[in-house]
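Working notes for the structure below.
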C-alpha cells in the first residue's frame, strides 16, 4: 500500500469509498454530498489536502484535511475499502496524514466521529488524538458526530 496525493480522476473512487462507508454505518447527509461531489472545490481549492491509499493501482482508502480558521486542519472523509479493513491500513494512512499536516505547518488536527466506531476511535487515540468535551467545540454539521478529538502538532 502506498499513500499519494489526490490526482485528477480520483473523484469517483473518493466518492464511492466514502459513500459506501457512510451509508453502511449512518445516513449520507447534505454536508457529505457537498464534499463527496466536489472534492476539488470543497477540499483542495480552500487550501486543504486529500490523500489516497493505493494498492496495486486501485484506490483502497482516502483521507482529507479540511482547513480550519485557526490554521489547523480537520481530518475528514477517512475510509478504507471494506475488504481491506482490519489490516492496519487505516492507521498507516492516518500516520501519513499527520505527517502531511505537519509538513504543511498545521498547529493541530481536529476530527469528529461517532462512539459506535470503536476501532476508529482506538486508532485515533493510538496516534495521539485526545478527546475534547462537546461543550468546547462548534456544533457539527453532521448529526452522527458525538466524539470530538484533537492532536496538537506544535
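Coordinate-derived values only; no laboratory data. Since the structure is predicted, the reported quantities are computational estimates derived from the model, not experimental observations. Cβ coordinates were reconstructed from backbone atoms using ideal geometry, including for glycine residues, and neighbour counts include every protein chain displayed.
A few remarks follow.
- Hey, residue 12 crowded, with 17+ Cβ neighbours inside 10 Å and either within 27 Å of residue 87 (Cα to Cα) or in contact with a strand residue (DSSP E or B) (Cβ under 7 Å, 6 or more places away or on another chain) (or both) or not: no
- Residues in segment 103-132 that are part of a loop (DSSP other than H, G, I, E, B), without any contact (Cβ under 8 Å) to a residue 40 or more places away in the chain, more than 15 Å from the chain's Cα centre (by Cα) and farther than 16 Å from residue 146 by Cβ: 105, 128.
- A residue that is assigned to a strand (DSSP E or B), under 23 Å from residue 116 (Cα atoms) and under 12 Å from the mean Cα position of the chain (by Cα) can be found somewhere in segment 41-62.
- Of the criteria (1) out of contact with any helix residue (DSSP H, G or I) (no Cβ under 6 Å at 6 or more places or on another chain); (2) assigned to a loop (DSSP other than H, G, I, E, B); (3) surrounded by fewer than 16 Cβ atoms within 10 Å (Cβ to Cβ), which one residue 20 fails: (2)
- Cβ-Cβ under 7 Å pairs, at least 6 apart or on other chains, segment 21-42 side in contact (Cβ under 8 Å) with a residue 60 or more places away in the chain, far side surrounded by 18 or more Cβ atoms within 10 Å (Cβ to Cβ) and in a helix (DSSP H, G or I): 32/22
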